[in-house]
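Chemist: Can you read through this structure? Questions will come right after.
The values are calculated or read from the model by the stated rules, or taken from the named source; none is laboratory data. These numbers were taken from a predicted model, which means no experiment stands behind them. With ideal geometry, Cβ positions are generated from the backbone for all residues, glycine too; neighbour counts draw on all protein chains shown.
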Amino acid sequence: MKDFASYSGDDLMREALSAAAQFDGRNEAELIRAIFARAAEGKRAGTLTDGQIDAFCAQFAPMLDAGKRKKLYRLAAELKKM
């Protein structure tokens, strides 16, 4: 995976879908943990910015129900604190 800074919005979507495909048949919690771990790694390395986190949320939030959208925003807030 290249660093988060070099991704466009479409690249982020493709990466998320690719990660989701790797977890096909596994539960939602496993998928969320894997995506969060990759994002946390990028945040700690300085290759994922708060603006990119916001852009990711803006792109995915409309596809989620209210409960999942709340989880997304909670995880985004955790990442931003790193």
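Chemist: Would you please list the contacts, defined by Cβ atoms under 9 Å and residues six or more apart or on different chains, that run from a residue in segment 62-82 that is closer than 20 Å to residue 41 by Cβ to a residue that is of a type in the set (Lys, Arg) and in a helix (DSSP H, G or I)?
Modeler: Taking only residues 6 or more apart or on different chains, the pairs are 79/43; 80/43; 82/43; 82/44.
Chemist: Working only within segment 37-63, note down all residues that are surrounded by 15 or more Cβ atoms within 10 Å (Cβ to Cβ) and among the hydrophobic types (A, V, I, L, M, F, W, C).
Modeler: Once the filter is applied, which keeps residues that are surrounded by 15 or more Cβ atoms within 10 Å (Cβ to Cβ) and among the hydrophobic types (A, V, I, L, M, F, W, C), segment 37-63 yields 39, 40, 48, 53, 55, 56, 57, 60.
Chemist: Looking at segment 41-82, which of its residues are of a type in the set (Gly, Ala, Ser) and under 15 Å from residue 13 (Cβ atoms)? It would help to see each step written out before you state the result.
Modeler: Start the filter on segment 41-82 by keeping residues that are of a type in the set (Gly, Ala, Ser), which leaves 42, 45-46, 51, 55, 58, 61, 66-67, 76-77.
Matches in segment 41-82: 55, 58, 61.
Chemist: What pairs come out if I take residues in segment 22-40 that are under 20 Å from residue 52 (Cβ atoms) and pair them with residues that are at pLDDT below 85 and surrounded by 10 or more Cβ atoms within 10 Å (Cβ to Cβ) whose C-beta lies under 6 Å away, six or more apart or interchain?
Modeler: Close Cβ pairs satisfying both conditions: 31/23; 35/19.
Chemist: Of all residues in segment 35-73, count the ones that are of a type in the set (S, T, N, Q) and assigned to a helix (DSSP H, G or I).
Modeler: Number satisfying all stated conditions: 2.
Chemist: For segment 14-22, indicate whether the set of residues that are more than 10 Å from the chain's Cα centre (by Cα), of a type in the set (S, T, N, Q) and modelled with pLDDT of 80 or more is non-empty.
Modeler: no
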